[in-house]
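The values are calculated or read from the model by the stated rules, or taken from the named source; none is laboratory data. These numbers were taken from a predicted model, which means no experiment stands behind them. Using ideal geometry, Cβ is built from the backbone for each residue, glycine included, and neighbour counts are taken over all protein chains shown. Ligands, DNA and RNA are stripped out before the accessible areas are found, and what is left, the full protein with its side chains, is counted by its heavy atoms. Shrake-Rupley method; radii C 1.70, N 1.55, O 1.52, S 1.80 Å.
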Amino acid sequence: MVRTRFAPSPTGELHIGGARTALFNYLFAKSNLNGEFLLRIDDTDSERSKREYEDLLLSELNWLGLKWDNKPERQSERKNIYDKWLDELKQRGAVYPCFCSEDKLEAMRDAQLAKGEPPHYDNSCRNLPREEVEERIKAGEKFCWRLALPENYIASFDDAVQGHREFAADNIGDFVIYRSDGTPTYVFASAIDDYLMSVTHIIRGDEHIPNTARQIAIIDIMQWPRPVFAHIPMVLSQERKKLGKRTGSKPVREYRERGYLPEAIDAYLATLSWQFESENNFDINKLAKIFKLDDLAKSSPVHDEAHLLYWQKLAMKSKGGDFIARELIKLDERFKIYEDRIALLINDLIDETPFVNDLRDALNYIVCRPEKLKLNLNLNWLDEFVNNLRACEWTPESIEKFLRSFMKDKKLKGREFFHPVRVILTGLEKGAALPLIIYALGFDECAARLKI
């Protein structure tokens with residue numbers, strides 16, 4: 001059985017990059033028979049993790065339709081489990097205490113960078129005499145626990161997106177798995193949880209590749225089965241920088257509040273590193289049926305608000321006027337009496353006004369009569385127009401036919417006829433097609449407004 005997981009850190013809101021990672025995990029899980037999409041809260045960063053962020057993460061995932069198949073667990077509540085596995089590594093002699101100070105580690109890092117070497121621990125505490133270790137611990141000196149990598153060890157794996165990768169032990173260095181405050185690091189807790197949750201595929205951003213080398217080292221030392229790793233390229237800003245708060249990233253919450261449909265967000269996210277044929281495929285489960293890891297691109301996609309807006313328009317059109325009319329009524333109950341007539345009007349406005357909130361403003365004239373405007377035009381034909389309109393079959397097609405026939409009979413130009421009728425009915429200079437406006441308002445309301 002395929003099992004994927006999304007393991008967000010509740011240190012902030014869900015953004016585009018994280019939402020795409022969750023989506024790809026969901027799509028891959030559901031592309032396989034009986035596949036499961038699991039959710040875990042990686043809150044090992046106790047200082048920055050907040051419950052309100054966690055609650056918001058769950059809310060946004062639900063809104064996007066990314067339903068998880070388990071009861072989410074928090075790493076902060078599983079310390080006894082991590083302690084158990086640390087003890088197991090101690091018994092195997094696979095870890096050792098490290099007393100190096102932050103200043104020493106920083107100096108070590110600077111020296112390695114100056115030589116053009118990748119920063120890594122030099123294992124200076126690995127072979128300390130047992131007596132010295134015991135004395136320093138007894139004296140209350142702070143220490144962390146590092147994993148003792150086997151000599152000449154190479155963490156190699158075949159990434160499902162990026163291809164073959166190798167990391168030699170000399171470049172990784174013995175890394176910390178337990179901090180000096182007695183809490184597990186992200187990579188140690190994640191390796192254990194992925195094993196205990198029977199995760200088969202780990203799909204995450206390519207910035208985690210160094211973490212994967214360390215996680216594989218833990219897995220190999222523990223002799224656990226390896227999951228498949230797939231590192232998707234990070235999403236970039238328009239300036240081709242890592243997407244962040246200062247480079248164009250917004251939380252999903254803001255898009256939701258703006259009025260974006262979850263189907264639009266999902267479809268847009270799916271295009272970031274993946275191409276699929278159907279432009280009108282807004283069913284997330286249909287997307288899952290055609291999703292393949294092999295189809296993901298290696299190059300980083302660029303976050304494009306214009307492209308997102310394009311998908312919003314398509315999603316709104318896919319939903320249709322009837323659905324949008326019901327959403328409009330949720331915002332303003334005054335539209336209820338027009339529910340059966342405004343769908344066509346809404347469809348005509350979607351390209352220019354693809355958000356329900358904006359549609360409410362654009363159609364406010366439907367439920368709120370505009371002020372009477374004095375038009376410096378000869379409108380002596382207006383009473384006759386209203387009387388003839390009464391006899392018109394009340395369909396948009398018949399109304400349009402009547403309007404053009406009346407204008408022709410009166411030898412009026414479009415500007416002399418359509419413009420004043422529109423302004424009197426709506427108070428606006430432009431908008432949806434006039435036949436749709438008249439149809440939506442109904443004859444009685446039109447007649448009342450046209451009496452000037």
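Some observations on this one:
- Debye-sum result for the stretch 1-145 in log10 I(q)/I(0), which assumes one identical scatterer on each alpha carbon, at q = 0.13 Å⁻¹: -0.85
- On Cα atoms only, tilt of 79-91 relative to the major axis of the chain in degrees: 30 degrees
- Using the Cβ-Cβ distance between residue 113 and residue 247 with R0 set to 35 Å, the FRET efficiency works out to roughly 0.90.
- A helix-only calculation puts the chain at -14000 deg cm²/dmol for mean residue ellipticity at 222 nm, using -39500 (n - 2.57) for each DSSP H run of at least four residues, averaged over all residues.
- Accessible surface, the stretch 174-297, averaged per residue in Å² (probe 1.4 Å): 44 Å²
- The stretch 88-153 and the stretch 356-388 have Cα centres separated by 79 Å.
- Rg and Dmax of the stretch 147-283, based on Cα coordinates, read 18.5, 56 Å.
- The modelled label-to-label distance for the pair residue 378/residue 237, using points 7 Å beyond Cα in the direction of Cβ, is 6.2 nm.
- Between the residues 191, 236, 163, the greatest Cα displacement towards the positive end of the dipole of the stretch 155-292, with unit charges on the Cβ of Lys, Arg, Asp and Glu, is found for 236.
- Those residues of the stretch 348-387 whose amide nitrogen sits under 19 Å from the label point placed on residue 448, 7 Å along Cα→Cβ: 363-373, 383, 386-387
- The Cβ shell under 12 Å around residue 390 holds other residues with a net charge of -4, Lys and Arg each +1, Asp and Glu each -1.
- Relative to the longest principal axis of the Cα atoms of the chain, helix 102-114 runs at roughly 80 degrees.
- Taking every protein chain into account, the accessible area of the stretch 357-439 amounts to 60 square angstrom per residue (probe 1.4 Å).
- By the rule of a C-alpha distance below 21 Å, with chain neighbours fewer than 8 residues away ignored, the lysines paired with residue 372 are 430, 451.
- Note on residue 179 and residue 330: with the Förster distance fixed at 35 Å, the Cβ-Cβ geometry gives a FRET efficiency of about 0.10.
- 1.4 Å probe accessible area per residue over the stretch 63-123, in Å²: 61 Å²
- Residue 275 paired with residue 124, simple spin-label distance in nm, labels 7 Å along Cα-to-beta-carbon: 5.2 nm
- Candidate cross-link partners of residue 292 among the lysines, defined by an alpha-carbon separation under 23 Å and a same-chain spacing of 8 or more, comprise 30, 67.
- Between the stretch 262-310 and the stretch 167-201, the C-alpha centres lie 32 angstrom from each other.
- Neighbourhood net charge (13 Å Cβ-Cβ; Lys/Arg +1, Asp/Glu -1) for residue 337: -3
- Accessible carbon and sulfur surface of the chain relative to its total accessible area, %, 1.4 Å: 46 percent
- Among 417, 93, 62 - extreme Cα towards positive end, dipole of the chain, charges at beta-carbon: 417
- Working from label points 7 Å from Cα in the Cα-to-Cβ sense, the residue 298 to residue 408 distance is 6.5 nm.
- Estimated from the Cβ-Cβ distance and a Förster radius of 60 angstrom, the FRET efficiency linking residue 83 and residue 361 is about 0.55.
- For the stretch 227-301: rounded, prolate or oblate by the Cα gyration tensor [a/c cutoff 1.5]: oblate
- Cα long-axis angle, helix 396-409 against the chain (0 to 90 degrees, to the nearest 10): 40 degrees
- Correct choice for volume of the Cα convex hull per residue in Å³ that was computed from the model, options (1) 139; (2) 191; (3) 170: (2)
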